[in-house]
């Protein structure tokens, strides 16, 4: 049923909950899992090249975090790939899922209500709306 599963991660505890579901599906369907972490580019970073060291540091941190998630929680024998990309999380996740032809995306989500939901929205919600790929949203 699933050949390629995408697990976007931000390193939060909620992501750990989502990872358990993603790894379970990967094991059940003998699927490859892609663990993706997105470094969001913010206005605090200066012009191109000026903050290259900071971007490299963030990329190394996110790569180490994603690898720790795999080492701690992935069942033995799971075929896994780790990637770190830069940009807007929802856009990067959607583009990545298309590039790897993901059959399933497993993401964490937090419950927000009222003004907070209106102002901040949800990356998971944005991915669901932008994608034809099934998204399993694991609520924390």
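Some points to look at:
- Residues of the stretch 94-126 that are crowded, with 17+ Cβ neighbours inside 10 Å, part of a helix (DSSP H, G or I) and at pLDDT below 95: 123, 124.
- Single match in 55, 69 (criterion: crowded, with 19+ Cβ neighbours inside 10 Å, at pLDDT below 95 and in a helix (DSSP H, G or I)): 69
- Residues in the stretch 82-93 that are surrounded by fewer than 19 Cβ atoms within 10 Å (Cβ to Cβ) and part of a helix (DSSP H, G or I): 91 only.
- Among the residues of the stretch 129-139, just one is assigned to a helix (DSSP H, G or I) and either surrounded by 18 or more Cβ atoms within 10 Å (Cβ to Cβ) or in contact with a helix residue (DSSP H, G or I) (Cβ under 7 Å, 6 or more places away or on another chain) (or both), namely 130.
The values are calculated or read from the model by the stated rules, or taken from the named source; none is laboratory data. Note that the coordinates shown come from a computational prediction; the quantities given were computed from them, not determined experimentally. Note: ideal-geometry Cβ built from the backbone for every residue, glycine included; neighbour counts use all protein chains shown.
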